[in-house]
Amino acid sequence: MIIDLQNVSYRKNGKLILDSVNWQVEAGEHWIILGLNGSGKTTLLNMINGYIFPLYGGYANVLGYQFGNCPIADLRKHIGWISNALTENIPVNDTPLEIILSGKFASLGLWEKVGDEDIAKAEAIMEKLGIMKLRDRTFSSLSQGEKQKVVIGRALISDPEIIIFDEACNGLDIFAKKDLYQLIEKLAEDKKSIFFVTHNTDEILPMFNKALLIKEGKIHSKGDLKDVIQLENLQDFYGSEVDVFERNDRFFIHAK
Ligand SMILES: Nc1ncnc2c1ncn2[C@@H]1O[C@H](COP(=O)(O)OP(=O)(O)OP(=O)(O)O)[C@@H](O)[C@H]1O
Ligand SMILES: [Mg+2]
């Protein structure tokens with residue numbers, strides 16, 4: 001098991017944001033995470049990353065790091081984290097090379113010394129992502145899609161076991177999206193566990209075998225994708241009429 005959350009709650013400024021969450025993930029599973037704005041998805045993933053701790057009484061263990069029982073600062077080096085929240089906080093004058101290297105230390109900004117080997121690895125990642133030509137530009141001068149690729153490169157440099165995409169397709173054109181989907185499928189083949197948060201419910205790629213539905217800080221339903229992504233369950237989850245259909249092994253969910 002790579003994630004074991006038992007009775008996990010989280011409160012901020014008096015508001016219960018996560019409420020008695022139980023969630024277990026086995027290696028090799030790929031999860032789609034759905035929930036309306038403000039339901040607690042990013043907060044949950046921040047906990048998985050070790051940025052926040054559960055309230056007293058909860059148990060959290062991620063990749064063998066047991067919260068409260070051992071130092072978990074290193075945990076985030078084993079997890080690739082791709083989110084707009086992160087993109088917004090990257091120093092605007094840093095170059096793609098520096099940003100990708102900073103992933104090795106899970107830091108914003110590159111503060112540590114790096115060796116030739118690290119640089120060669122960052123360059124290999126840039127080649128793979130097709131962004132070598134951006135190597136020495138400033139981050140602020142890049143397009144949205146180019147920035148996204150740099151942030152993905154940053155997530156890959158430490159060979160993480162888990163890669164989290166938190167609304168990673170926002171602002172990408174249809175071809176950039178297709179590229180990203182192909183990359184995600186390749187990462188899944190490389191034995192990474194992928195968690196994918198999205199509001200665009202036409203992004204449920206066939207490789208995803210599990211789904212987690214979060215509503216108002218609580219888990220509404222979870223489990224095998226085909227059991228969770230079905231009409232009755234989704235209508236109950238959204239409290240509204242939706243359409244679900246499957247095409248080319250991909251699920252699509254739309255408001256009616
Ligand atoms: N520092 C904070 N103080 C108070 N409330 C907070 C704080 N951080 C998050 N929240 C609240 O917690 C709830 C869950 O936030 P979270 O970012 O986890 O939602 P989300 O499911 O990721 O939403 P979205 O789809 O909009 O990204 C929201 O209502 C948010 O306003
Ligand atoms: Mg969010």
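The values are calculated or read from the model by the stated rules, or taken from the named source; none is laboratory data. Because the structure is a prediction, the values reported are computed rather than measured. When we count neighbours, we look across all protein chains shown, and the Cβ atoms used for this are built from the backbone with ideal geometry, even at glycine.
Okay, residues lined up against (1) crowded, with 17+ Cβ neighbours inside 10 Å; (2) in contact (Cβ under 8 Å) with a residue 40 or more places away in the chain; (3) more than 24 Å from ILE2 (Cα to Cα):
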| position | (1), (2), (3) |
| --- | --- |
| ASP202 | no, yes, yes |
| PHE208 | yes, yes, no |
| LYS222 | yes, yes, no |
| ASP227 | no, no, no |
| GLU232 | no, no, yes |
| GLN235 | no, no, yes |
Helices (runs of 4 or more DSSP H) (entirely within the stretch 24-102) containing at least 3 residues that are under 16 Å from ILE2 (Cα atoms) and within 11 Å of ligand 1 (Cβ to nearest atom): 41-48
Meets criteria (of a type outside the set (Ser, Thr, Tyr), within 16 Å of ligand 2 (Cβ to nearest atom) and loosely packed, with under 14 Cβ neighbours inside 10 Å) for GLU88: yes
Would you point out the residue of the stretch 201-227, among those that are in contact with a Lys or Arg (Cβ under 9 Å, 6 or more places away or on another chain) and at pLDDT below 95, that is farthest from ligand 1 (Cβ to nearest atom)? PRO206
Cross-chain or 6+ apart pairs with Cβ under 9 Å, the stretch 1-18 first and modelled with pLDDT of 95 or more, then β-branched (Val, Ile, Thr) and within 9 Å of ligand 1 (Cβ to nearest atom): SER9/ILE17; TYR10/ILE17; TYR10/THR43; ARG11/ILE17; ILE17/THR43; LEU18/THR43; LEU18/ILE214
If we keep just the residues of the stretch 1-19 that are within 16 Å of ligand 2 (Cβ to nearest atom) and loosely packed, with under 12 Cβ neighbours inside 10 Å, which is farthest from LYS218 (Cα to Cα)? LYS12
Hey, which of the strands (runs of 3 or more DSSP E) in the stretch 207-250, taking only ones fully inside, have at least 2 residues that are in contact with a Gly (Cβ under 8 Å, 6 or more places away or on another chain) and closer than 24 Å to GLN182 by Cβ? 210-215
Exactly one of (1) in contact with a strand residue (DSSP E or B) (Cβ under 8 Å, 6 or more places away or on another chain); (2) in a helix (DSSP H, G or I); (3) closer than 25 Å to GLY109 by Cα is unmet by PHE165. Its number? (2)
If we scan the stretch 57-76, do we find a residue that is modelled with pLDDT under 95, surrounded by 14 or more Cβ atoms within 10 Å (Cβ to Cβ) and within 15 Å of ligand 2 (Cβ to nearest atom)? no
Which one of these does GLU29 not meet: (1) away from ligand 2 (no atom under 16 Å from the Cβ); (2) loosely packed, with under 14 Cβ neighbours inside 10 Å; (3) under 20 Å from THR198 (Cα atoms)? (2)
